[in-house]
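The structure under discussion appears below in the form of structure tokens.
The values are calculated or read from the model by the stated rules, or taken from the named source; none is laboratory data. In this text the structure is predicted, and so the values were computed from the model without any measurement. Positions of Cβ are generated from backbone atoms using ideal geometry, with glycine treated the same way; all protein chains shown enter the neighbour counts.
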Amino acid sequence: MLLAWFDAHARDLPWRRTRDPYAIWVSEIMLQQTRVAAVIEHYARFMGRFPTLASLALASEDEVLAMWSGLGYYRRARMLHRAAQKVHAELGGVMPRTAEGLRDLPGIGAYTSAAVASIAFGEAAAAVDGNVERVLMRIQGWDETNAPAARLREAAVEFLDTARPGDYNQAMMELGATICLPRGPLCLQCPVQPLCATRGEHVIGERKKMQSKSVSYAFARRRGRVLLSQRPKDASLMPGMWELPPLDAGAAPEGLRVLEVKHAITVTNYTVGIYDLSEAGDMALPGDASATRWFAVSALHEVALTGLARKVLRKLGAFPKQHADLKTSVTDTDQFMGAR
Ligand code: SF4
């Protein structure tokens, strides 16, 4: 009954129209921790630039990060790139066909390996992510106290449709994403409701408490170029990527505030103030000279920008127009303060 529901209700998503293992792999990496709507936009752009595994393997890391810009969690892009290089250089460009073989590649864990092996190669491997865990727990009537990972995996393997494992895995993910929702499961529309022990009585998981922080950045545009600052190579978040030069709280001149952006990363809601220092002297520009550089606005789509930098530059009209339409994967409610 789950597969009949999936056949009738599956969303038409670009990566469901292909059997190309590389294309399916890219989609699975992008979908980790990212909403489908955000992935759709970036997936088309990424696949347009890197249509084959070889084209990705032969690209520079900067090019890959630039194409990933706006999706967040950049470690995924780096691992995907490294894995493509490994397949290209060591495996003759042919991806492993089993979940076990795929797990030897950088950035591919139990979930992604099972998803790719089942969808692309038809291997009977159960893919269990947070969505699938939630569905299984509700169907079985389990909660956090009696559903260790091993028990959930056993249930996933037991339920797996071995004739159509790829469709089954996608159906479970689809059910978790569209019907068996974390806070308000739509049990009346659920295809497995007759089998379900809880039917929505059991709502799992409290939302993580969000923290609030304020940060400030400088925006400086001169003669068609903008000043950017590179994050330290050993930063835990987005190492080596380019952003607007950060300003210390006390160094932000209130009269020059041109934009306020709300930006959410994992469990923190940032209020981001942007200060226009275009007319300020060189001495007033923040950032260590060795870490800052002027970039031509016309070439910014080639730069490995953080999602926030990309969003701000777009809003301030400092991003190439033909590349300015992609949204970042974060929510935002931004307020202009009289931008240039
Ligand atoms: S009946 Fe409700 S709780 Fe059970 S699997 Fe379906 S949507 Fe989830």
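Things worth noting here:
- Residue count, region 188-202 (criterion: modelled with pLDDT under 90, surrounded by 15 or more Cβ atoms within 10 Å (Cβ to Cβ) and closer than 11 Å to residue 139 by Cβ): 5
- Note on region 120-156: residues that are part of a helix (DSSP H, G or I) and closer than 23 Å to residue 190 by Cβ total 17.
- Yes/no for residue 308 being surrounded by 15 or more Cβ atoms within 10 Å (Cβ to Cβ) and modelled with pLDDT of 70 or more: yes
- Considering residues of region 256-290 that are part of a helix (DSSP H, G or I) and under 15 Å from residue 220 (Cα atoms) only, the residue modelled with the highest pLDDT: 256
- Residue in region 159-175 that is under 14 Å from residue 132 (Cα atoms), loosely packed, with under 14 Cβ neighbours inside 10 Å, of a type outside the set (A, V, I, L, M, F, W, C) and in the same structural domain as residue 115 (by TED's automatic domain parsing) present: no
- Annotation note: Cβ proximity below 6 Å between a residue of region 43-59 that is touching a residue at least 12 places away in the same chain (Cβ under 8 Å) and among the aliphatic types (A, V, I, L, M) and a residue that is surrounded by 15 or more Cβ atoms within 10 Å (Cβ to Cβ) and in a loop (DSSP other than H, G, I, E, B) (sequence gap 6+ or interchain) occurs for 56/50.
- Residue 218 vs. criteria of a type in the set (A, V, I, L, M, F, W, C), more than 16 Å from the ligand (Cβ to nearest atom) and in contact (Cβ under 8 Å) with a residue 24 or more places away in the chain: yes
- Counted residues, region 140-158 - those being surrounded by 21 or more Cβ atoms within 10 Å (Cβ to Cβ) and within 12 Å of the ligand (Cβ to nearest atom): 0
- Looking across region 176-193, the residues that are more than 7 Å from the ligand (Cβ to nearest atom) and in a helix (DSSP H, G or I) come down to 176, 177, 178, 188, 189.
- Of all the numbered requirements in (1) surrounded by 15 or more Cβ atoms within 10 Å (Cβ to Cβ); (2) within 30 Å of residue 32 (Cβ to Cβ), residue 271 misses one, and that requirement is (1).
- Residues (farther than 22 Å from residue 243 by Cα and either touching a Leu at 6+ places or on another chain (Cβ under 7 Å) or outside the structural domain of residue 20 (by TED's automatic domain parsing) (or both)) located in region 42-93: 50, 83, 84, 86, 87, 88, 93
- Annotation note: Cβ proximity below 9 Å between a residue of region 132-146 that is in the same structural domain as residue 181 (by TED's automatic domain parsing) and a residue that is of a type in the set (Phe, Trp, Tyr) (sequence gap 6+ or interchain) occurs for 132/111; 136/142; 136/159; 139/159.
- Taken together, the criteria exclude residue 85 from residues that are of a type outside the set (Gly, Ala, Ser), surrounded by fewer than 20 Cβ atoms within 10 Å (Cβ to Cβ), within 16 Å of the ligand (Cβ to nearest atom) and in contact (Cβ under 8 Å) with a residue 12 or more places away in the chain.
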